[in-house]
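Taking it in order: structure first as structure tokens, then the write-up.
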Amino acid sequence: MQGYRQDFLKGIVLPLPTFSTELSQEVLDVGKVFDYPNYSIIMNSAQVKRSAVIVCLNIDQSNLKNTTRSDAWKIDNRIGFSHQLDNAYYASNPWDKGHMAKRTSAAQGETARDAQYAANETFYYSNSCLQHENLNRDEWRGLEDWVFDLDLDTDGKITSFSGPFYGANDRTVRPSGRETALIPAGFFKIVCFINKNTNSLDVRAFIIYQDEEALSDKKGRSRYNNQHYQVTVSEIEALTGLRFDNRIYQANPLYYTGDHVTAEENVSHFPENIEIAKPADILAKGQTRQTVHDDICDIFICAALVDPVGTDSGHEWVSLINLGATEIDLAGWQLADNSDRTIPLTSLIDNTLLQPGCSVILRKLSPLRLSNKGDIIKLYDQQGARIDWVNYTEEMVAKGKPVLFLSPRDTLNI
């Protein structure tokens, strides 16, 4: 069985990552690699984790085939029952068996039979992690779909590295009569390919959180769970203890420090982390960043009536609040949705001066559209800088009740 190939990408070798001193004490069998069709896994032997340290997958888009889903999850006897979380840890709770190597991305082969076998071989507990059902079926799936449909590569070949990371105050699950297992604070994915425009290695790196405690010491008011970010490879290394090949580090377009940054890129903070709401938000090397002033100006999107009683059109509203110490003139400001449709605030309010501690409701938002199935709302000032950015999920929407963005909330509903 052929697992992860280091020379899969044309003209470049990407070795498996090494481990920090701390992580090296946890990896199973000194980092033994377990091969599956088109992917490989290194396991964590810590009894409270018993999950993959990393899953390394090669995707050949030209060799993918449609397959059926088996859902026949099984223990990998090579690894052993004591080093894997079986179905008892996923039963009667909101935690899905989150694939690290996606079934449809591993479903490759010269024949349909080979591809079906490869797809079936993704249903090992070693390839799954405790992933909240909302995240697994929304943000993580969306990220997986982006990788599956990637068209930036020169030859349809993609390498991805995925896995969980843990925090200082992880939640736990403990089936009756079984040992406790930690729930990951979040997940990472690093995507590598040969760029068709530059013919050189290109990288995109992402993290998704699913733990409020893990976010409590992070900078940026918009960092909350059930949302994913494009990040530096260094941030993933800090979260996981993995150490990736230097070429992966260098090919990632985001910066951990200010070295080698150009003025045209408009980088405002280090290390960089960019909220991702849609594929167009993912940055490429040299691309100009959006100016973000959410830590400078204290105007917030505090609530939105997404699903009014009766018809939505003309009855949706968004509320802003000034939590600063000075009045703010909203003249020239704009509100936007996730499709980048915008509307000037001057068309929604008569008085553009918003006093400290005061709020304003913006009504008749057309052409903006706030989906009842979850969406993004953005606020820009007169210079085009983003002042606030909020998202909501379908689970947060209730008929006739506003979605609140400043109150304590958990988008994973735990």
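Just a few scattered comments:
- In order through segment 319-327: 3J(HN,Hα) via Karplus (6.51 cos²θ - 1.76 cosθ + 1.60), integer Hz, x for Gly, Pro: 10, 10, 9, 9, 9, x, 9, 10, 6
- Magnitude of the charge dipole, segment 303-402, Cβ model with Lys/Arg +1 and Asp/Glu -1, debye to 20: 180
- Put a plus charge on the Cβ of each Lys and Arg, a minus charge on the Cβ of each Asp and Glu, and nothing anywhere else: the dipole of the chain about its Cα centre is then about 840 debye.
- Amide H to amide H distances under 5 Å link Leu353 with Leu330, where only residues 5 or more positions off or on other chains count and H is placed in the peptide plane.
- Length-normalised contact order for segment 80-198 - Cα pairs under 8 Å, 6+ apart - percent: 24
- Extension gain, Gln383 to Glu133: 0.36 nm times the residue separation minus the Cα-Cα distance gives 86.1 nm.
- Estimated distance in nm for a label pair at Ser82 and Thr326, the labels positioned 7 Å out from Cα along Cα-to-Cβ: 6.5
- Rounded to whole Hz, the Karplus (6.51, -1.76, 1.60) HN-Hα couplings of segment 333-342, x for glycine and proline: 7, 9, 10, 9, 9, 6, 8, 6, 6, 10
- The chain: calculated mean residue ellipticity at 222 nm from DSSP helix runs of at least 4, using -39500 (n - 2.57): -2500 deg cm²/dmol
- Net charge over other residues, Cβ less than 10 angstrom from the Cβ of Gln61 (K, R count +1; D, E count -1): -4
- When peptides 259-269, 79-89 are sorted by average Cβ neighbour count within 10 Å, with the highest value leading, the order is 79-89, 259-269.
- For the peptides 203-209, 389-395, the ranking by mean Cβ contacts within 10 Å, running from highest to lowest, is 203-209, 389-395.
- Relative contact order of the chain, pairs being alpha-carbon contacts under 8 Å that are 6 or more residues apart, as %: 11
- Efficiency of FRET between Gln355 and Thr262 - r from beta-carbon atoms, R0 30 angstrom, step 0.05: 0.15
- Computed from the Cβ-Cβ distance with R0 of 45 Å, the FRET efficiency linking Asp7 to Ala91 stands at 0.65.
- Helix axis angle, 139-148 relative to the chain longest principal axis, alpha carbon, degrees: 60
- Per residue, the average separation of C-alpha pairs within less than 8 Å and at least 6 apart gives segment 233-392 a relative contact order of 20 percent.
- Span from the segment 119-171 Cα centroid across to the segment 263-308 one, whole angstrom: 24
- Potential lengthening between Lys364 and Lys285 on full extension [0.36 nm per residue; Cα-Cα distance subtracted]: 24.6 nm
Values quoted throughout were computed directly from the atomic coordinates according to the rules given, and no laboratory measurement underlies them. Small disclaimer: the values here were computed from a predicted structure and weren't measured. Heads up, the Cβs are rebuilt from the backbone with ideal geometry, glycines too, and the neighbour counts pull from every protein chain shown.
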